[in-house]
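> One structure, pasted below without further comment.
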Amino acid sequence: MIDTILALNVGSSSLKFALFSVAGDGWPSLLLRGGVEELATSPRLEMRGADGTPLEDVVWEGSRDIDAILPPLLSAIETKVKDARLVAVGHRVVHGGHDMSEPQLVTADLLAVLDGLVPLAPLHEAQNISPIRTLSRLRPEFAQVACFDTAFHGTMPQLATRLALPRDYEAAGVRRYGFHGLSYEYISRRLEEVSPPLSKGRVIAAHLGNGASLCALLNGRSIETTMGFSALDGLVMGTRPGTLDPGVLLHLLQQKGMTVAQVEDLLYRRSGLLGVSGNMASDMRVLLASTHAHAREAIDLFVYRCACQIGSLATALNGLDGIVFTAGIGEHSPVIRKSVCERLQWLGVTIDEDANSSNAPLISTKASSVEVRIVPTDEEAMIAYHTRARLQDLQAAPSNTIKNAPLP
Ligand code: ADP
């Protein structure tokens, strides 16, 4: 019987999961992974083994929220892995606020703190917390660990976290936090394995997926990032605009009479690639396949803003030794990587066409003064890594050092 950890990565309309064996040191070893899409309509569960072998592909009738999905999901996972015992669940939690620089074992005290952070990430935090509560009722024997997307950016200098607002606002939590931290932490650790010199250098990691951001890594630690107070800031994304003059919001609210809910919908669901392409698609693959001028413009804006913001982060780093592309677009789109890198020639970036076209791990030329790499990210592995570490702490800790017992 082997002990296993489930990593849960819950999004607004889908969830990703992966099951790992707890045995051994280093990275937890993957047993299976999958996702549930289309929660709001007809949830579809797909599951693959560690080698990619399909294990499950089933559609459940009728919409279900995350909490209603958990029982059939757990039973689907548990029936696929024989001789295994699920002992812990690690969760991606978008906001850890000011104080959470490390993943935390879930306790009643922690949940109370996370409830207080809901106003800082109204669309995501409650959604992340809800499955934790549901699981603590359904399966009280599981230890649960919350892994925060903000935590990795706890090393940003205070200057980088500041918004130029009156000081009282910062004291009330209105500051820059940064997100995609689990992805950047994974990249930082993988760089130690694939390019030790770069892991000690000045690197910009570009997480280009539906959500997109950049992180400036100095000696493996975050010193600047493009998302700030919320996950709306920075790069052009699938449906979010990225950096936006706040005067636009005043204009929409005051002159156009839009409600706050309409503005929220515009910013989170109707902008970015989707909006600029004229509602054609938020999916980069669809836009790249189109010959329509609006699709072209959406891609050009995505690339232009990405290159400009790489220039900005290179200034924060005081130079640049490496660029790492990751996530759906970063890992799989030679065209986008090439277009971004062409705009960075002034920084000494040159890429090898063949290596780039074949998605090779190293895509810069020998002559390039900046090493350019592709490193596939794995947020679920990072969640499992931290969850195992917290379990080990728990086992090592004398019982009286645990301030508040794990739930329930
Ligand atoms: P999420 O933020 O939802 O985790 P992903 O990291 O999976 O997103 O990235 C999704 C994006 O990656 C989509 O825009 C998709 O079109 C894009 N993508 C995936 N594969 C390719 C590809 N081969 N070429 C271009 N874009 C791709």
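> Among ALA68, ALA212, ALA261, which one shows the highest mean-square fluctuation when the chain is modelled as a Gaussian network with alpha-carbon springs under 10 Å?
ALA261
> Considering the Cα positions of the range 157-301, please state its Rg to one decimal place and its Dmax as a whole number of Å.
Reported Rg and Dmax, both Å: 17.6, 54.
> Please work out the C-alpha center-to-center distance from the range 14-49 to the range 163-228 and express it in whole Å.
25 Å
> Among VAL36, VAL58, VAL113, determine the one that fluctuates most according to a GNM of the chain built with springs between C-alpha atoms less than 10 Å apart.
It is VAL58.
> With angles folded into 0 to 90 degrees, how steeply does helix 181-194 sit against the dominant principal axis of the chain? Use alpha carbons for both and round to 10.
80 degrees
> Here's something else I'd like to know. What number results when the radius of gyration of the range 268-408, computed over Cα atoms, is divided by 2.2 N^0.38 Å?
Details: Rg = 20.7 Å, N = 141, 2.2 N^0.38 = 14.4 Å.
This ratio for the range 268-408 stands at 1.43.
> Please list, in chain and number order, the residues 5+ apart from PHE179 or on another chain whose amide H is under 5 Å from its amide H, with Hs placed from the backbone.
The answer is MET227.
> Could you sort GLU193, GLU125, GLU78 by their accessible area in this structure, using a 1.4 Å probe and putting the largest first? Each step should come with its number before you reach the end.
Numbers: GLU193 100, GLU125 0, GLU78 70 Å².
Sorted by accessible area, descending: GLU193, GLU78, GLU125.
> Excluding same-chain residues fewer than 8 positions from LYS338, which lysines have a Cα within less than 21 Å of its Cα?
Within the straight-line limit of under 21 Å, LYS338 reaches these lysines: LYS366.
> Label LEU394 and ASP99 with points 7 Å out from Cα along Cα→Cβ: what is the distance between them in nm?
2.1 nm
> If you don't mind, another one. Over the heavy atoms of LEU267, what accessible area does a 1.4 Å probe trace out, to the nearest 10 Å²?
Surface open to solvent at LEU267 totals about 20 Å².
> So, with +1 on the Cβ of K and R and -1 on the Cβ of D and E, and no other charges, what is the size of the charge dipole of the range 253-408 about its Cα centre, to the nearest 20 debye?
With Lys and Arg at +1 and Asp and Glu at -1, about 360 debye.
> If you don't mind, another one. Classify the range 217-289: rounded, prolate or oblate, from the alpha-carbon gyration tensor (a ≥ b ≥ c, eigenvalue square roots; a/c under 1.5 rounded; otherwise prolate if a/b is larger than b/c)?
It is oblate, given that a/c is not under 1.5 and a/b is not larger than b/c.
> While we're on this one: What lysines does LYS80 reach when the alpha-carbon gap must be under 29 Å and sequence neighbours fewer than 8 apart in one chain are set aside?
Here the lysines satisfying the reach criterion relative to LYS80 are LYS16.
> Taking H placed 1.01 Å from N in the peptide plane, check which residues at least 5 places from VAL145 or on another chain put their amide H under 5 Å from its amide H.
Under 5 Å from the amide H of VAL145: VAL89, GLY90, HIS91, VAL106.
> Sort GLU61, GLU141 by accessible area with a 1.4 Å probe, largest first.
Greatest to least solvent exposure: GLU61, GLU141.
> Work out how much length GLU192 to GLN345 would gain on full extension: take 0.36 nm times their residue separation and subtract the Cα-Cα distance, in nm to one decimal.
Contour length minus the Cα-Cα distance gives 52.5 nm.
> For the Cα atoms of the chain, what angle does the longest principal axis make with the long axis of helix 66-80, in degrees from 0 to 90, nearest 10?
So the inclination is approximately 70 degrees.
> Where q = 0.06, 0.07, 0.13 Å⁻¹, what log10 of I(q)/I(0) comes from the Debye formula for the chain, counting one point per Cα?
-0.24, -0.33, -1.22
> Once the convex hull of the C-alpha atoms of the range 63-178 is built, how many Å³ does it hold per residue, rounded to a whole number? Walk me through the numbers on the way to the answer.
Details: hull volume 13.8 nm³, N = 116.
Dividing the Cα hull volume of the range 63-178 by its residue count gives 119 Å³.
The values are calculated or read from the model by the stated rules, or taken from the named source; none is laboratory data. For clarity, every value in this text was computed on a predicted model and none was experimentally measured. All Cβ positions, glycine included, derive from the backbone under ideal geometry; neighbour counts span all protein chains shown. Accessible surface is based on the protein model in full, side chains and every heavy atom, while ligands, DNA and RNA are left aside. Shrake-Rupley method; radii C 1.70, N 1.55, O 1.52, S 1.80 Å.
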